[in-house]
1. What percent does the relative contact order of segment 2-49 come to when contacts are Cα pairs within less than 8 Å and at least six residues apart?
2. So what's the angle, to the nearest 10 degrees on a 0 to 90 scale, between helix 28-49 and the longest Cα principal axis of the chain?
3. For Lys48 paired with Glu36, estimate the spin-label separation in nm (one decimal), with each label point 7 Å from Cα along the Cα-to-Cβ line.
4. How much FRET efficiency would the formula 1/(1 + (r/R0)^6) give for Leu29 and Gln3, where r is the Cβ-Cβ distance and R0 is 35 Å, rounded to 0.05?
5. How far is helix 2-13 tilted, in degrees, relative to the longest principal axis of the Cα atoms in the chain, given as a value from 0 to 90 rounded to the nearest 10?
Amino acid sequence: MEQLSEIILNVVGRAPEWIRKDLAGSDALARERAEEALAAMIADAIAKSGAQ
């Protein structure tokens, strides 16, 4: 579980500025797009690490 947390923290730490801005914004569609992009980045990092 610790490895998974490290992977997620690493991805969140290198998230592009547009994702950070949209996650904090009031536009629901932009927030949803940012959430989906961040989730895809996290899923990709987990898949590449072999962590489960």
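Each value in this text was obtained by applying a stated rule to the coordinates, not by laboratory testing. Being a predicted model, the structure only gives us computed values, none of them experimental. Note: ideal-geometry Cβ built from the backbone for every residue, glycine included; neighbour counts use all protein chains shown.
1. Rounded, it is 43 percent for segment 2-49.
2. 10 degrees
3. Between Lys48 and Glu36, the simple spin-label model gives 2.2 nm.
4. It comes to 0.55.
5. Result, in degrees: 30.
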